[in-house]
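Reviewing the structure listed below.
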Amino acid sequence: MLELVLNDEGETLALAAALADALAPGDLIGLEGELGAGKTTFARGAIHALGVPADTAITSPTFALVHQYQGRLPIAHADFYRLTKDAELEELGIDELLEEGAVLFVEWGRKFPSVASRASLWVELEIASDQARRVRLDPRGERGDELIAGLSSLV
Ligand SMILES: Nc1ncnc2c1ncn2[C@@H]1O[C@H](COP(=O)(O)OP(=O)(O)O)[C@@H](O)[C@H]1O
Ligand SMILES: [Mg+2]
C-alpha cells in the first residue's frame with residue numbers, strides 16, 4: 001500500500017504516467033473514488049503516457065462504457081458507473097480484451113466481483129481540496145506488488 005498526496009492535476013497525471021511505464025499486457029487497473037475525484041484524469045495521464053498522441057482527447061466512457069485506444073499496447077478505458085447488469089458486462093468482453101493483451105483502466109469496477117478479481121492494482125482517489133487529492137495505491141497479488149515496487153522507487 002502506497003499513500004500519497006497529489007497537490008494538483010499535474011501531479012496526478014505524472015503519477016499515472018509513471019505507472020503506465022510499468023504496465024504490461026493483461027494488467028487491469030481499478031480506479032475508485034467519488035465523482036470528480038480524478039479517475040478519468042488519472043486514466044488520461046496513463047493513456048497518453050502509453051503512447052496515445054496528446055491531441056487524442058481521453059474523455060469519460062460513462063455513456064459508451066468502453067473506449068479503446070492503441071498505444072504501445074492496446075488500451076481499454078471503461079466506466080461502470082451506469083452499468084447494472086452482469087449481462088451488459090459480459091457483452092463488453094473484458095476477459096477477451098485482457099486475453100488479447102490490452103491494458104484496462106476501469107472506473108467503478110468494484111461493483112462487479114468478476115472484474116474486481118482481475119485487478120492488479122486499485123487506485124483509490126479522494127478529494128482533499130479544490131486542487132489536492134489523496135491517493136491510495138492498493139496492490140493485489142504478485143503483479144500488484146511489482147507495480148507498486150516500481151512506483152515506490154520513483155515517488
Ligand atoms: N490533483 C488533481 N488530480 C486530478 N484531478 C484534479 C486535481 N485537482 C483538480 N482536479 C480536477 O478534478 C476533476 C476530476 O474529474 P475526473 O477526472 O473526471 O473525475 P472522476 O473520473 O473521478 O469523476 C477535473 O476537473 C480535474 O481538473
Ligand atoms: Mg470518470
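Considering only the range 42-155, give the helices (runs of 4 or more DSSP H) lying wholly within it that have at least 1 residues that are at pLDDT below 95 and among the charged types (D, E, K, R).
On the way: elements: 86-92, 94-99, 113-116, 141-152.
The qualifying helices (runs of 4 or more DSSP H) are 86-92, 94-99.
Quick one: is L13 within 16 Å of ligand 1 (Cβ to nearest atom) and modelled with pLDDT under 95?
On the way: within 16 Å of ligand 1 (Cβ to nearest atom): yes; modelled with pLDDT under 95: no.
The answer is no for L13.
Hey, can you tell me all the residues within the range 107-124 that are surrounded by fewer than 12 Cβ atoms within 10 Å (Cβ to Cβ) and either more than 16 Å from the chain's Cα centre (by Cα) or acidic (D, E) (or both)?
The answer is P113, and nothing else.
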Original post:
Within the range 84-99, is there a residue that is of a type outside the set (G, A, S) and within 16 Å of ligand 2 (Cβ to nearest atom)?
Top reply: no
Subject >> Positions within the range 17-53 being under 22 Å from G71 (Cβ atoms), within 13 Å of ligand 1 (Cβ to nearest atom), among the small types (G, A, S) and in contact (Cβ under 8 Å) with a residue 40 or more places away in the chain, in sequence order >> reply: G30, G38, A43, A46
**OP:** Determine, yes or no, whether R72 is without any contact (Cβ under 8 Å) to a residue 60 or more places away in the chain, within 16 Å of ligand 2 (Cβ to nearest atom) and of a type in the set (K, R).
**Re:** no
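Applying the selection to the range 42-68, what residues are among the polar types (S, T, N, Q) and either within 8 Å of ligand 2 (Cβ to nearest atom) or on the phi > 0 side of the Ramachandran plot (or both)? Can you show your working first?
From the range 42-68, those among the polar types (S, T, N, Q) are 56, 59-60, 62, 68; that's our starting set.
Those that are among the polar types (S, T, N, Q) and either within 8 Å of ligand 2 (Cβ to nearest atom) or on the phi > 0 side of the Ramachandran plot (or both): S60, T62.
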Original post:
Between a first residue in the range 94-106 that is surrounded by 17 or more Cβ atoms within 10 Å (Cβ to Cβ) and a second residue that is in a loop (DSSP other than H, G, I, E, B), which pairs have beta carbons less than 6 Å apart while being 6 or more apart in sequence or on different chains?
Top reply: L98/G26; V103/L23; V103/D27; V103/L73
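The values are calculated or read from the model by the stated rules, or taken from the named source; none is laboratory data. These numbers were taken from a predicted model, which means no experiment stands behind them. Counting neighbours? That spans all protein chains shown, and the Cβs are built from the backbone with ideal geometry, glycine included.
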